[in-house]
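Have a look at the structure below, then the notes.
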Amino acid sequence: MSLFDKLNRNDVEKTLQKAIKNKDSLVKKAKKLQRDPQLFFKDMYAKRSKQLISKVPVKYEGQNQFTVVSAVYNVEKYLDEYFTSLTNQTLDFKKHIHLVLVDDGSTDDSAKIIKKWQKKFPNNIRYYYKENGGQASARDYGLDYIQTEWCTFIDPDDFVDIDYFKNIDQALVEEQDLWMVSCNLIYYYEQSKQYKDDHPQNYKFKQKITCFDVRDQNQYIQLSVSLAILNTKIIQENGLRFDTRIKPSFEDATFMMNYALALYKKQGRIEPHPKS
């Protein structure tokens with residue numbers, strides 16, 4: 001007998017043994033079902049539930065509350081991915097994250113998509129509509145509805161890493177005297193489906209996690225509000241607003257400079273975990 005024949009014979013024997021084993025198992029289950037149907041289905045339900053629970057990811061219980069203010073204008077193409085990345089955070093979304101969506105006069109189906117997600121998370125997602133006035137005016141509108149200690153301004157055509165808010169929460173717990181967390185931007189190119197860490201300011205994230213004086217704008221300049229976690233109290237007490245005269249973009253750079261000026265010897269933190 002050739003080696004090939006021996007291998008085939010072994011495979012056949014293993015297959016037959018498995019079939020016999022499965023048959024015996026089915027016979028036992030059939031007898032159990034016939035003997036006590038109620039117990040059979042009860043055990044089956046318990047076993048299946050245990051299997052499903054084991055596959056559900058464990059949510060991280062944080063210590064901070066966050067609000068994301070997003071100015072929305074004709075971004076229906078990206079909204080589902082935006083919501084998915086936020087609602088699936090390892091930091092428990094329902095307990096720790098709130099979204100304020102300000103529709104700046106969209107003419108597409110952005111409102112329809114937002115309301116679809118709002119039905120799923122009515123306690124976490126708020127929707128407001130205003131006439132078109134630009135991103136700065138929409139963000140200013142949303143500022144009045146922040147009720148948490150921390151806030152950020154993620155754009156609705158972006159998505160974030162699944163551990164984004166978990167890492168930020170941990171940073172705030174580790175360093176009690178923080179007033180800002182600065183996060184990295186990873187570009188995602190749709191056509192090639194590639195990620196690139198080539199933002200001009202990514203040098204800040206090539207070192208170990210670092211705390212810095214927020215007023216130090218030489219090495220740690222922060223220009224984007226969508227990449228920063230800010231303290232709501234500082235914003236409200238200093239009456240900070242986005243300058244609606246600056247269009248069509250970069251109004252957040254002025255906002256960040258005013259935020260830095262409002263602080264005196266306060267610390268920020270470089271958080272290298274990505275946001276794309």
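Any read-out appearing in this document is the output of simple, stated calculations on the displayed coordinates, not a laboratory observation. Since the structure is predicted, the reported quantities are computational estimates derived from the model, not experimental observations. Neighbour counts are summed over all protein chains in view; Cβ atoms, including those assigned to glycine, are modelled from backbone coordinates with ideal geometry.
Here are the numbers for the structure shown:
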read-out	value
Pairwise label distance in nanometres, N123 with S249, each label 7 Å out on the Cα-Cβ vector	3.7
Simple spin-label estimate for D213 and E237 in nanometres, 7 Å along Cα-Cβ	2.0
Segment V173-T84, extension gain: residue separation times 0.36 nm, minus the distance between their alpha carbons	29.5 nm
Convex hull projection area averaged over all views, the stretch 71-160, Cα basis, nm²	5.3
Scattering curve values for the stretch 63-123, log₁₀ I(q)/I(0), Debye with Cα scatterers, q = 0.19, 0.25 Å⁻¹	-0.69, -1.12
Spin-label pair K94/N258, simplified geometry with 7 Å Cα→Cβ offset, distance in nm	3.8
Ranked list, fewest to most other Cβ atoms within 10 Å of each Cβ, for S192, S224	S192, S224
Ordering of 225-231, 245-251, 85-91, 104-110 by packing [mean C-beta count within 10 Å, highest first]	225-231, 85-91, 104-110, 245-251
In Hz, Karplus ³J(HN,Hα) per residue of the stretch 229-238 (6.51, -1.76, 1.60; θ = phi - 60°; x = Gly, Pro)	9, 10, 8, 4, 4, 4, 5, 6, 5, 9
Linear extension gain, K31 paired with E131, 0.36 nm per residue minus alpha-carbon span	29.1 nm
Scaled radius of gyration (Cα, divided by 2.2 N^0.38 Å) that the stretch 66-268 gives	0.99
Distance violations [Cα-Cα > 26 Å] among K59/K116; K116/K247; K95/K115; K130/K166; K95/K119; K120/K247	K116/K247; K130/K166; K120/K247
